[in-house]
Every structure is written in structure tokens, then in C-alpha cells.
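Novice: Below you will find the structure I want to go over with you.
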Amino acid sequence: MTTQLQDAVIPALSIVLPTYNERENIQLLLAELPKVLTIPYEAIVVDDNSPDLTWQVVRDIAATQANVHLLHRTTVRGLTSAINDGIKLARAPLVMWMDVDLSMPPAKINDLLAAIRAGADVAVGSRYVPGGGDARAVSFHLTVQLMLSKVLSIIGGWLLGCRFRDWSSGFIVLKRDLLRDYDLRGDYGEYFIDLIYTLIKHKRAKVVEVPYVLTARQIGESKTATNLWGLVRRGRKYLTTVWHLRFGKAAA
């Protein structure tokens with residue numbers, strides 16, 4: 001089920017928001033966006049039939065806000081396919097996506113847009129450039145996660161030959177034309193590695209990293225791996241994607 005995209009104003013920015021069991025967070029984020037954005041935008045929420053009825057909450061919001069749209073998926077699940085489906089509905093010349101748990105500050109969208117206005121084709125929110133960081137409470141789980149992320153940053157940049165740092169960001173604004181003949185590939189976060197490599201190496205896009213500080217989600221459970229084995233398994237997928245991009249096939 002998709003709400004009708006028929007606002008009178010053609011948006012300058014399409015924001016794709018994948019959700020699964022995020023009913024509280026999506027309400028907070030959708031309420032925050034008009035406070036920080038001054039350009040016409042549309043928010044496209046792609047929900048994978050959340051048991052907590054996130055889709056129902058968004059449907060009710062969309063009924064009163066013309067720039068909020070819902071794609072309620074009942075037969076397909078997955079982060080990468082959700083972003084792909086949202087991009088297909090996007091109408092603006094600029095498209096972006098981000099986590100909906102408010103760990104990526106909505107106000108930072110303006111910094112990404114400023115980088116585009118300054119000449120970038122792609123602007124990525126980055127934890128690993130000066131001014132960026134991770135403000136989540138330190139724990140063993142987070143320490144391992146950050147270690148794997150930084151290893152990926154080092155190995156990714158070295159093997160792929162790209163001056164890029166935050167290969168697992170997922171906080172991005174780019175010109176929609178860059179995605180005209182390209183679908184995101186992969187299972188979870190590895191899609192971002194494939195995307196950035198394709199944009200830099202094959203599409204010759206100007207990609208700029210913009211610092212931001214990642215914060216802890218306040219409500220709900222993380223969709224990132226929640227145990228050591230899960231983190232290692234996901235990290236292996238990321239590194240396998242890097243290897244295939246450098247020496248063989250891209251992520252399937």
C-alpha cells in the first residue's frame with residue numbers, strides 16, 4: 001500500500017526512511033524535520049509491516065501532512081530493498097536517507113545540503129572526519145562494533161583506493177540522477193560500501209564527507225547485530241564486499 005504522492009509543491013529533497021518497529025521514533029523524526037528544513041521536501045516512509053504498527057502511525061500522519069508518504073510492504077523485508085523502493089518513489093532532484101532512531105541528528109541534514117550547494121554531487125555524514133564522532137555510551141558491544149567499523153574504514157580506503165572514511169555511514173544526500181541506472185546491492189550495511197565505491201570509481205562523482213556525531217537511540221531496539229557473533233558475521237560481510245569490489249564481483 002502506498003499513499004498518493006500528489007502534493008502541490010514539487011519537493012527539492014526526497015527523504016527515504018526505512019522503518020521496522022519504530023512507531024515512537026518515526027513520529028519524533030517526522031515532527032522534527034519541518035523544524036530544521038527550510039526547503040520543500042517529501043518524506044517517504046518504507047515500512048516492512050512492523051508488528052508494532054509503525055505503518056499505521058505513518059498512515060495517520062500522512063493523512064494530514066501532504067509531504068509524508070507511506071509505502072507499506074507486506075511481502076518483502078530488508079534495509080537495502082526498502083531504500084531501493086523508496087528511491088523509486090522519490091520525485092526530487094536530491095534524495096537522501098538516514099536512520100529514523102534520531103541517532104543521526106536531523107539538523108545535520110542542512111550541513112549535507114550545504115555541501116551539495118558548494119559543489120558536491122554526494123554528501124555523506126561521517127563519524128571519521130575531524131569534528132565527527134560517536135557519543136554512545138561505551139560498552140563491550142559498542143567497542144567491538146567501533147573497532148570493526150574503523151578496521152573497515154582503513155582497509156576499505158586502502159584496498160579500494162578511495163580517500164573516504166566512513167564506509168558504514170548510511171547518512172547521505174546525493175543527486176538522484178546518479179542512481180538512474182543503479183540499484184543498491186547487498187543485504188544490510190554492505191550496500192553502502194558498494195554504493196560509495198560505484199559513485200567514486202565508476203560515476204566519478206564528487207563525494208564529500210561532512211562531520212556529525214552519532215548519538216544513542218533513545219527508544220526501541222537497534223537493528224544492528226546485538227551480540228559478538230552477529231557483529232563478526234556482519235563485519236565479515238562488509239570485508240567480503242570490499243574484497244569482491246577490489247578483486248572480483250560486487251555484492252549480490
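The values are calculated or read from the model by the stated rules, or taken from the named source; none is laboratory data. Remember, predicted model here, so these are calculated numbers, not experimental data. Here Cβ is always computed from backbone atoms with ideal geometry, including for glycine, and neighbour counts include all displayed protein chains. Areas reflect the complete protein model, heavy atoms only, side chains present, ligands, DNA and RNA absent. Shrake-Rupley method; radii C 1.70, N 1.55, O 1.52, S 1.80 Å.
Novice: Long-range amide H contacts for F171: which residues qualify at under 5 Å (H placed 1.01 Å from N, peptide plane, sequence gap of 5 or more or a different chain)?
Specialist: Distant-sequence amide H within range of F171: G125.
Novice: Which whole-number percent gives the relative contact order of region 43-196, counting Cα pairs below 8 Å spaced six or more residues apart?
Specialist: Relative contact order comes out at 26 percent.
Novice: Write down the accessible area per residue of region 1-94 in Å², having rolled a 1.4 Å probe over the full set of protein chains.
Specialist: On a per-residue basis, region 1-94 sits at 44 Å².
Novice: Return the subset of K35/K150; K108/K175; K35/K203; K35/K237 for which the Cα-Cα distance in this structure is over 29 Å, preserving the input order.
Specialist: K35/K150; K35/K203; K35/K237
Novice: Shifting gears a bit: Rounded to the nearest 0.05, what FRET efficiency do D134 and N49 have when you use their Cβ-Cβ distance and R0 = 41 Å?
Specialist: 0.85
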